[in-house]
Amino acid sequence: MINGRNKWMMASAFAWRPPVMMVVIFAFFIALGTFFQGAEAHGQSLISNSKEIDPKITNKNAPHLLPVKNRPIKDDVIYFMLPDRFYNGDPANDRGGMAGSRLDHGFDPTHKAFYHGGDLRGVIEKLDYLEDLGVSAIWMAPIFKNKPVQGPKGQESAAYHGYWITDFTRIDPHFGSNQDLKDLIRLAHARGIKVIFDIITNHTADVIQYQECQGENICPYRSLADYPYTTRGDRDGPAINPGFMGDDPRHQTPGNFARLTRPDWAYRPFVPEAEADIKVPQWLNDPIYYHNRGETTFRGENSLYGDFAGLDDLFTEHPRALDGMIEIYKFWIKEFGIDGFRIDTVRHVNMAFWQRFVPEIRAYAATLGNPHFYVFGEVYDPDPKALSQFVRDGKFPAVLDFGFQSIAQKVLIDGAPTQMLADFFAADRLYQSDWSDAGLLPTFLGNHDMGRFGHFLLKKFGADADDEMLLKRLRMAHALMLFARGAPVIYSGDEQGFTGDGHDQDAREDMFKSKVAVYNDNRLIGSDASTAEDNFDPSHPLYRSLGEFAALYRAHPALRRGEQISHFAAETAGIYAFSRIDVQSGAALLVAINSADTPQNARLSTLKASGITADEPGLLLGDGQAVRDAASGDLQLHLPPLSFAVWGLYDKE
């Protein structure tokens, strides 16, 4: 019995990209006519057995990708890491050149909230490991100079994650030097590997204090309505900043903001004397360039104006702040030749900021010979309607695809109908613009904030769940991530079966020998190892599988840049099948997953042969059968439990 229904999405495809899709559809029928033509046997053609393709080729043997600066992000497999947790290549910098205790320098390798010693030299030492995995772009958490430790007494933690910046012009000494970064980029580029920076424009480290709540970690938010810019303390306070017209987009001009001279509209901000010049560039030390309204609750107005965990929230509506951030990040592009920016906390910055920042940064990179400079934002929301707003209105080429992560978890772990995948991808038209499409979105399964896909599996199936079942689900999930549209992102450690204990600090285990007890008792999927040892094992089943996936990804432009069309989805857990079509060559690949824990069949009536003489198709990767019915032309799929398969075309020898 076939559970499900065919999904033919031509209507939505025409609605959002008519000119391209007409070409795609023509190429699609040409290619699929070729794809499913074969020797007739008893009225059927066994596609999966017509030609076996050995997928176990290393990434180095895969076709060479375009040079770094000429390569679009759709061609890349991205590897996301926190450098502090990746590898320690230079123990001499573990304390960042500072003396004192861990509350001074932030180094304590036994505690999950402090620096552990990973650095840029460590990344350099492991470039072979990354290249063999199939990685072609490294995205690093921020490595700018940070305030090493902050937090209320007894709750201090360190800036190992990199999000508490004080000096935007140099590398944090815990990670190395500016020269170390230049060396990393040079050596990575020599291997065809891009280097992407994680950057911040929303806030700096927590330096500014408020007279009204000194010594307190949280100062309640004070709204614009109750505490306008033109009175001190509240609406009835003394007049200040005469003539200032507000910070709405109409008034975000140098002339208007020249009238904003006092920052004490809500609180009375001050900078402690010992930190008066801690921020670089110098303009960042002036409280006038911050909102100074207290703690955010992430709702309404304070989502834009509030301090996040006490961090100093930049007045991004201020023209000087906008100009200053553009100057800072142009410097890194020019001096280091980096290849892209992931931008933190995007939804907490006003849209007008992005409308200038993103196009100007990309245009500047293009003048320096990088027309494919990649900019993507973090908007922590699974709803494509919310995410796509920052593409269409904010001029971002891409945002992190939290929607993909959410749907993948629901379908591949929770057993939701695979129809949800088809419906999710049908919303891709929301991202269509002159500068973007859904194929540019970075797709991922888990991260350093929400937690790992392996953790979600253990949470669902139990700490003692069968290892082979967990491996199958992880392979299937990563196959979907690699072979569906989008730029796939592997989170460091996932390729070694890391699971973690939860989110945030509990999802940031060390790849090198860890001294953190709450990490070292974690289960690793696919291995008997623990995080108490180095985990750079090239024989780990997930590392090997991801290497195979990346090799196939590199070998077939259709998997990287092709249009995606859904063909079958089930109303329960089961099969989801879709094609990827290369418009230029007409090559088509068919991808299917089975999320059920039982064998599943599906009939694809949308793939009827067109009678064109065929090349010979073959199973490229995975486990399954594709059988064409000679009478109807329908394609019948059979997939084992918790599996995936990819079929493609090859010329007859």
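Here are the numbers for this structure:
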{"read-out": "Candidates T345, T297, filtered to the one that is of a type in the set (S, T, Y), under 22 Å from V375 (Cα atoms), touching a residue at least 60 places away in the same chain (Cβ under 8 Å) and surrounded by fewer than 21 Cβ atoms within 10 Å (Cβ to Cβ)", "value": "T345"}
{"read-out": "1 or more residues of a type in the set (D, E, K, R): qualifying helices (runs of 4 or more DSSP H) within the range 293-377", "value": "319-336, 351-367"}
{"read-out": "Tally of residues being charged (D, E, K, R) and part of a loop (DSSP other than H, G, I, E, B) across the range 625-641", "value": "1"}
{"read-out": "One residue from F396, F373, F402 being over 29 Å from V646 (Cα atoms), at pLDDT 95 or above and in contact with an Asp or Glu (Cβ under 7 Å, 6 or more places away or on another chain)", "value": "F373"}
{"read-out": "Among (1) buried (at least 24 other Cβ atoms within 10 Å of the Cβ); (2) farther than 23 Å from H448 by Cβ, the one test that D401 misses", "value": "(2)"}
{"read-out": "Residue match in the range 355-376 (condition: surrounded by fewer than 18 Cβ atoms within 10 Å (Cβ to Cβ), at positive phi and touching a residue at least 12 places away in the same chain (Cβ under 8 Å))", "value": "yes"}
{"read-out": "The range 380-394, residues that are under 23 Å from A352 (Cβ atoms) and surrounded by fewer than 21 Cβ atoms within 10 Å (Cβ to Cβ)", "value": "Y380, D381, D383, K385, A386, Q389, R392, D393"}
{"read-out": "Matching entry among T606, T598 (being polar (S, T, N, Q), modelled with pLDDT of 95 or more and not assigned by TED's automatic domain parsing to the domain that holds L470)", "value": "T598"}
{"read-out": "Residue in the range 165-186 that is touching a Leu at 6+ places or on another chain (Cβ under 6 Å), acidic (D, E) and in the same structural domain as D537 (by TED's automatic domain parsing) present", "value": "yes"}
{"read-out": "Odd one out for I328, checked against (1) assigned by TED's automatic domain parsing to the domain that holds T230; (2) under 26 Å from P272 (Cβ atoms)", "value": "(1)"}
{"read-out": "The range 136-161, residues that are surrounded by 24 or more Cβ atoms within 10 Å (Cβ to Cβ), among the small types (G, A, S) and within 21 Å of T345 (Cβ to Cβ)", "value": "A158, A159"}
{"read-out": "Condition broken by A477, with the remaining ones in (1) closer than 20 Å to Y115 by Cβ; (2) crowded, with 20+ Cβ neighbours inside 10 Å satisfied", "value": "(1)"}
{"read-out": "In the range 167-201, the residues that are within 23 Å of the chain's Cα centre (by Cα), polar (S, T, N, Q) and surrounded by fewer than 23 Cβ atoms within 10 Å (Cβ to Cβ)", "value": "none"}
{"read-out": "Any hit, the range 239-253, residues being surrounded by 14 or more Cβ atoms within 10 Å (Cβ to Cβ) and under 23 Å from F168 (Cβ atoms)", "value": "yes"}
{"read-out": "Residue within the range 104-113 that is under 30 Å from G547 (Cα atoms) and under 27 Å from the mean Cα position of the chain (by Cα) present", "value": "yes"}
{"read-out": "Number of the exception - E335 against (1) buried (at least 22 other Cβ atoms within 10 Å of the Cβ); (2) assigned by TED's automatic domain parsing to the domain that holds D504; (3) more than 21 Å from the chain's Cα centre (by Cα)", "value": "(1)"}
{"read-out": "Condition check for G415: of a type outside the set (S, T, N, Q), touching a strand residue (DSSP E or B) at 6+ places or on another chain (Cβ under 8 Å) and in contact (Cβ under 8 Å) with a residue 12 or more places away in the chain", "value": "no"}
{"read-out": "Residue within the range 207-222 that is aromatic (F, W, Y), assigned by TED's automatic domain parsing to the domain that holds A92 and under 34 Å from the mean Cα position of the chain (by Cα) present", "value": "no"}
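Okay, residues lined up against (1) under 24 Å from D506 (Cα atoms); (2) hydroxyl-bearing (S, T, Y); (3) in a helix (DSSP H, G or I):
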{"site": "P152", "(1), (2), (3)": "yes, no, no"}
{"site": "Y160", "(1), (2), (3)": "yes, yes, no"}
{"site": "F168", "(1), (2), (3)": "no, no, no"}
{"site": "H174", "(1), (2), (3)": "yes, no, no"}
{"site": "D180", "(1), (2), (3)": "no, no, yes"}
{"site": "D183", "(1), (2), (3)": "no, no, yes"}
{"site": "H189", "(1), (2), (3)": "no, no, yes"}
{"site": "G192", "(1), (2), (3)": "no, no, no"}
{"site": "T201", "(1), (2), (3)": "no, yes, no"}
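Residue by residue, here is whether (1) outside any loop (DSSP other than H, G, I, E, B); (2) in the same structural domain as R429 (by TED's automatic domain parsing); (3) touching a strand residue (DSSP E or B) at 6+ places or on another chain (Cβ under 6 Å); (4) modelled with pLDDT of 95 or more holds:
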residue: R475; (1), (2), (3), (4): yes, yes, no, yes
residue: M481; (1), (2), (3), (4): yes, yes, yes, yes
residue: Q505; (1), (2), (3), (4): yes, yes, no, yes
residue: Y519; (1), (2), (3), (4): yes, yes, no, yes
residue: L524; (1), (2), (3), (4): no, yes, no, yes
residue: S527; (1), (2), (3), (4): no, yes, no, yes
residue: S530; (1), (2), (3), (4): no, yes, no, yes
residue: P538; (1), (2), (3), (4): no, yes, no, yes
residue: S545; (1), (2), (3), (4): yes, yes, no, yes
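Residue by residue, here is whether (1) touching a Cys at 6+ places or on another chain (Cβ under 9 Å); (2) over 18 Å from G486 (Cα atoms); (3) among the hydrophobic types (A, V, I, L, M, F, W, C) holds:
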residue	(1), (2), (3)
K515	no, yes, no
I525	no, yes, yes
A532	no, yes, yes
N535	no, yes, no
S545	no, yes, no
P557	no, no, no
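The values are calculated or read from the model by the stated rules, or taken from the named source; none is laboratory data. Values in this document were obtained by computation on a predicted structure and should not be read as measured data. Counting neighbours? That spans all protein chains shown, and the Cβs are built from the backbone with ideal geometry, glycine included.
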